[in-house]
Amino acid sequence: MKISVVIITRNEEKRIADCLRSVVGCADEVIVLDSFSDDQTVSIAESLGAKVVQEAFAGYGASKNTANELATGDYILSLDADERLDEELRSEIQKIKVSNEPVPAYRLNRLSNYCGQWIRHGGWSTDKKVRFWKKGVGHWNLSEVHEQLILQTGIVPQDLQGNILHYSYATVEEHYRKVEKYAEKGAMEIRRSGKKPGSWKKYVSPAARWFRDYILRKGFLDGKAGWQIARLTAYEVWLKYSRV
């Protein structure tokens, strides 16, 4: 089995090296689709053996689909530049690589680090994503935010042990900036769909999201970090509907 790792980048010089080093031993090729970074992302990626292709950013889903087409492997492993494989997950993928009976798709657990703390509760605690699949059996949707891989009908992904380690935000201020960006993209998506949510949505939906993440999913057990995540997630929902 030949495995292609695909990564989308834009000014990721501080993160790309760790991401690339984490796939050594399981990747036969690494494709980096870069949207014209003006820092050292490209030179770092190339120095670590990645094939870099530059193209204007077309949205996360569309760009990931382009990167998938560039891959020549039998299977695709999709990562973001702020992610890396832990040792257990890398070992699992290495076992699949030499297996005689791989399944068409695998779902991977993602463990997030927020301001230096690993998050194990709340809205980020059940973060499983299909990121490893046989080329041709899946494609990314074109959602403005939180794009998802759509598998062919009938394919049931198998869960793997280990984690994708996601280094999300180093500071709360960085999280605020991303909330602004995601809220605007989410509002654009609602406008484009033609939906007209009632004015009540910007009050009820944020409160419901906060209650689910902080109370029902026990985000409070992550202390101050859990509070910040629940608060800013609810704020993003409020901001999105306000902008619609």
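Quick note: the coordinates plus some simple rules give every number you see, no bench work behind them. Remember, it's a predicted structure, so these values are computed and weren't measured experimentally. Using ideal geometry, Cβ is built from the backbone for each residue, glycine included, and neighbour counts are taken over all protein chains shown.
Looking at the stretch 172-243, the pairs of alpha carbons with a distance over 15 Å make up 55% of the total. Applying the Karplus relation 6.51 cos²θ - 1.76 cosθ + 1.60 with θ = phi - 60° to the stretch 222-230 yields 3J(HN,Hα) values of 8, x, 4, 5, x, 5, 4, 5, 5 Hz, where x marks Gly and Pro.
The 3J(HN,Hα) values that the Karplus relation (6.51, -1.76, 1.60; θ = phi - 60°) gives for the stretch 161-174 are, in residue order, 7, x, 9, 7, 8, 10, 8, 6, 10, 7, 9, 5, 4, 5 Hz. Gly and Pro appear as x.
Straight Cα distances below 16 angstrom link Lys2 to the aspartates and glutamates Asp28, Glu29, Glu69, Asp74, Glu92, Glu101, with same-chain residues fewer than 8 positions distant left out. For the chain, the relative contact order is 20 percent, taking Cα pairs closer than 8 Å that sit 6 or more residues apart in sequence and dividing their mean separation by the residue count. Helix 201-210 and the long axis of the chain differ in direction by around 60°, with both axes built from C-alpha atoms. Normalised by the number of residues in the stretch 172-243, the mean separation of alpha-carbon contacts (under 8 Å, six or more apart) gives a relative contact order of 49 percent.
Among the listed options (i) 53, 46, 41; (ii) 52, 39, 37; (iii) 56, 39, 39, the one matching Cα extents along the principal axes in Å as calculated from these coordinates is (ii). For the pair the stretch 43-112 / the stretch 175-228, the C-alpha centres are spaced 29 Å from each other.
Summarising the amide proton neighbourhood of Lys135: residues at separation of 5 or more, or on other chains, whose placed amide H is nearer than 5 Å comprise Tyr75, Ile76.
The 3J(HN,Hα) values that the Karplus relation (6.51, -1.76, 1.60; θ = phi - 60°) gives for the stretch 30-40 are, in residue order, 10, 9, 10, 9, 10, 9, 6, 4, 10, 10, 9 Hz. Gly and Pro appear as x. With 27 Å as the limit on Cα-Cα distance, the pairs of Lys95/Lys128; Lys129/Lys196; Lys135/Lys195; Lys14/Lys218; Lys95/Lys181; Lys14/Lys97 that go past it are Lys129/Lys196; Lys135/Lys195; Lys14/Lys218; Lys95/Lys181; Lys14/Lys97. Could you tell me the calculated FRET efficiency between Leu142 and Ser205, based on Cβ-Cβ distance and R0 = 25 angstrom, to the nearest 0.05? That pair, Leu142 with Ser205, gives E of 0.65. Compute the helix-to-body angle for 60-70: its Cα long axis versus the longest principal axis of the chain, expressed 0 to 90° and rounded to tens. It is inclined by approximately 10 degrees.
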